[in-house]
Amino acid sequence: MNKSLNISVKGIDISLFAYKQKDYISLTDMAKYKNKSETALVISHWLSARYTVEFLSCWEIFNNPNFNTTEFSSIKNESGSNGFVLTSKRWIERTGAIGIISKIQGKYQRCSGY
């Protein structure tokens, strides 16, 4: 990942970068606005919401010919229920998503999307 630009929003620096000839924005950096020490948890909670799952699937259906809609249907049925947890890594592994990338740096997971 080559970071090419940072923007500052409400005092938080957010990375914009290109990866495999696609532009991404750091979800991890955006999650710092909500909770600087638990960004992975913020992202996981956001990903676990039914509306987020539906939004992500729409993007993937339009942009990813290899998106696994069968796995998406399973995730959608579980989303929003008590105890349902979705991580970026799980979303990518189960659906073949390309709109979110997940990279482990040390003990911290960084997540970027779209």
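The values are calculated or read from the model by the stated rules, or taken from the named source; none is laboratory data. Since the structure is predicted, the reported quantities are computational estimates derived from the model, not experimental observations. Quick reminder, even Gly has a Cβ in these numbers, built from the backbone with ideal geometry, and neighbours come from all protein chains shown.
Looking across the stretch 13-44, just one residue is over 20 Å from Val85 (Cα atoms), under 14 Å from the mean Cα position of the chain (by Cα) and not in a strand (DSSP E or B), and that is Asp29. With respect to Gly80, determine if the residue is at positive phi, surrounded by 13 or more Cβ atoms within 10 Å (Cβ to Cβ), touching a Ser or Thr at 6+ places or on another chain (Cβ under 9 Å) and not β-branched (Val, Ile, Thr). So Gly80 passes the test. Can you tell me which residue in the stretch 97-114 is nearest to Glu38 (Cα to Cα), limited to those that are modelled with pLDDT under 90 and assigned to a loop (DSSP other than H, G, I, E, B)? Once the filter is applied, the top-ranked residue is Lys107.
Just the residues that are out of contact with any Cys (no Cβ under 8 Å at 6 or more places or on another chain) and surrounded by 14 or more Cβ atoms within 10 Å (Cβ to Cβ), please, taken from the stretch 17-30. Spell out how you get there, then give the answer.
Narrowing the stretch 17-30 to residues out of contact with any Cys (no Cβ under 8 Å at 6 or more places or on another chain): 17-25, 29-30.
Within the stretch 17-30, Phe17, Tyr24, Ile25, Asp29, Met30 qualify.
Among the residues of the stretch 45-74, those that are over 14 Å from Arg90 (Cα atoms), not small (Gly, Ala, Ser) and not in a helix (DSSP H, G or I) comprise Asn64, Pro65, Asn66.
Glu60 passes every criterion in (1) within 16 Å of the chain's Cα centre (by Cα); (2) surrounded by fewer than 17 Cβ atoms within 10 Å (Cβ to Cβ); (3) at pLDDT 90 or above; (4) not small (Gly, Ala, Ser) apart from (2). Taken over the stretch 1-41, the criterion of being over 16 Å from Ile101 (Cα atoms) and of a type in the set (Ser, Thr, Tyr) is satisfied by Ser4, Ser8, Tyr33, Ser37.
Among the residues of the stretch 33-50, write down those that are surrounded by fewer than 15 Cβ atoms within 10 Å (Cβ to Cβ) and without any contact (Cβ under 8 Å) to a residue 24 or more places away in the chain. Please lay out each step first, then the result.
Initial filter on the stretch 33-50 (surrounded by fewer than 15 Cβ atoms within 10 Å (Cβ to Cβ)): 33-38, 41, 49.
Result: Lys34, Asn35, Lys36, Ser37, Glu38, Leu41.
Residues in the stretch 84-96: is at least one of a type in the set (Gly, Ala, Ser), part of a loop (DSSP other than H, G, I, E, B) and under 23 Å from Ala18 (Cβ atoms)? Yes.
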